[in-house]
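Peer 1: Here it is, the structure, as C-alpha cells.
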Amino acid sequence: MAANRFSIRPLYMQLRDALLARVAAGEWKAGSIIPNEGELAREFGVSAGTMRKALDLLEAERVLTRRQGRGTFVNDQNSAEFALRYSKLRGPDGRPIVAEVVVGAISEATANDQELRHLALEPSAKVYRYRRTYAHEGRLFMIDEVSVPAKTFADLEREKDAALDIVSLAQQYGLLTGNATERISAGVADAALSRDLNVAHGAPLLIFDRVVFELNGLPLEWRLGFCHPANGYYVATIG
C-alpha cells in the first residue's frame, strides 16, 4: 500500500489489489477463511466501509465467497466450477462436455501480427505456442491453437509438469484469471483440419477466437479453436 500512497486509483481499488496479491501469491490458500472485515480494516488503516467495497469487488470477481455466519473464503480456481467457466460446449443432454485433453509440444517464436494484437504485445515480443486437442467418448471434436506471452510465462517450455489449461497455468505463475472475450464464427474444414478432426473436407466447423485476461486486465492467452460439435451445441448466458 505504501508504494501506492500517491496513486490516483480509488483507495478501495488499491485495497483490492493488495488483497488479490495475497491470494495470487498463495498467502491465502484456496478454501481458507480470511480475516474478517474489521481486522483487515485495522491492518490497513482504513474504514470498514472502504474495506467492504474492496471485498465486495473481489466477491464480484469470484475470488472470494462470503458465507453468512461462517466468514469469507478464498475460492478454488481449479475447482470444476471455475475450470469449466470458459467452456460453453454442451452435449445432447445439456451437460458440459468434459473432454480428454492432449497438449502438444511447446515452441517459442516471435509474435506475429495477430498475436501482437490479441495479446497486447510490443513488436518483436516472444510467445509460446502449443496445440490442444479435445476428445469426448473417443471422438476428437476440437483443436485449439494457443499462444501465450513468453514474458508472462517465463521458461514455460522447461516446465515439464505445467498444466496448460489457462486457469491452472495462471495460478502456477501467481496469477488469477478474470474475464474473457470470445468471437464465434462459422467455417469449414480445410484439408489439414479434415484430416486432424477426421471429418469430411468442407465439413461445417465452429471457430472460437478467445482471449482470456488476468484479473488486472493483462491478456494471458489467445486461443483459436476449431470445433466439429456433432450433436453438441454452444451455450451463451445473456444478461
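The values are calculated or read from the model by the stated rules, or taken from the named source; none is laboratory data. Everything quoted here is computed from the prediction, not taken from an experiment. With ideal geometry, Cβ positions are generated from the backbone for all residues, glycine too; neighbour counts draw on all protein chains shown.
Peer 1: Of 197, 175, 205, which residue is under 22 Å from residue 19 (Cα atoms), in contact with a strand residue (DSSP E or B) (Cβ under 9 Å, 6 or more places away or on another chain) and surrounded by 14 or more Cβ atoms within 10 Å (Cβ to Cβ)?
Peer 2: Being under 22 Å from residue 19 (Cα atoms), in contact with a strand residue (DSSP E or B) (Cβ under 9 Å, 6 or more places away or on another chain) and surrounded by 14 or more Cβ atoms within 10 Å (Cβ to Cβ) holds for just one of 197, 175, 205, which is 175.
Peer 1: Next question. Checking residue 67 against (1) within 22 Å of residue 216 (Cα to Cα); (2) modelled with pLDDT under 90, which test does it fail?
Peer 2: (1)
Peer 1: So, restricting to strands (runs of 3 or more DSSP E) that lie completely within region 7-125, which ones have at least 1 residues that are in contact with a strand residue (DSSP E or B) (Cβ under 6 Å, 6 or more places away or on another chain), surrounded by fewer than 16 Cβ atoms within 10 Å (Cβ to Cβ) and small (Gly, Ala, Ser)?
Peer 2: Of the strands (runs of 3 or more DSSP E) lying wholly inside region 7-125, those with at least 1 residues that are in contact with a strand residue (DSSP E or B) (Cβ under 6 Å, 6 or more places away or on another chain), surrounded by fewer than 16 Cβ atoms within 10 Å (Cβ to Cβ) and small (Gly, Ala, Ser) span 71-74, 107-110.
Peer 1: Select from region 169-197 the residues that are within 10 Å of the chain's Cα centre (by Cα) and not in a helix (DSSP H, G or I) and list them in ascending order.
Peer 2: 175, 176, 177, 178, 179, 180
Peer 1: I would also like to ask the following. What pairs can you find where one residue is in region 134-149 and among the small types (Gly, Ala, Ser), the other is in a strand (DSSP E or B) and surrounded by 14 or more Cβ atoms within 10 Å (Cβ to Cβ), and their Cβ atoms are less than 7 Å apart, with a gap of 6+ or different chains?
Peer 2: Every condition considered, the pairs that remain are 135/141; 147/127; 147/129; 147/222.
Peer 1: Any chance you could count how many residues in region 108-132 are touching a helix residue (DSSP H, G or I) at 6+ places or on another chain (Cβ under 7 Å) and over 16 Å from residue 152 (Cα atoms)?
Peer 2: 0
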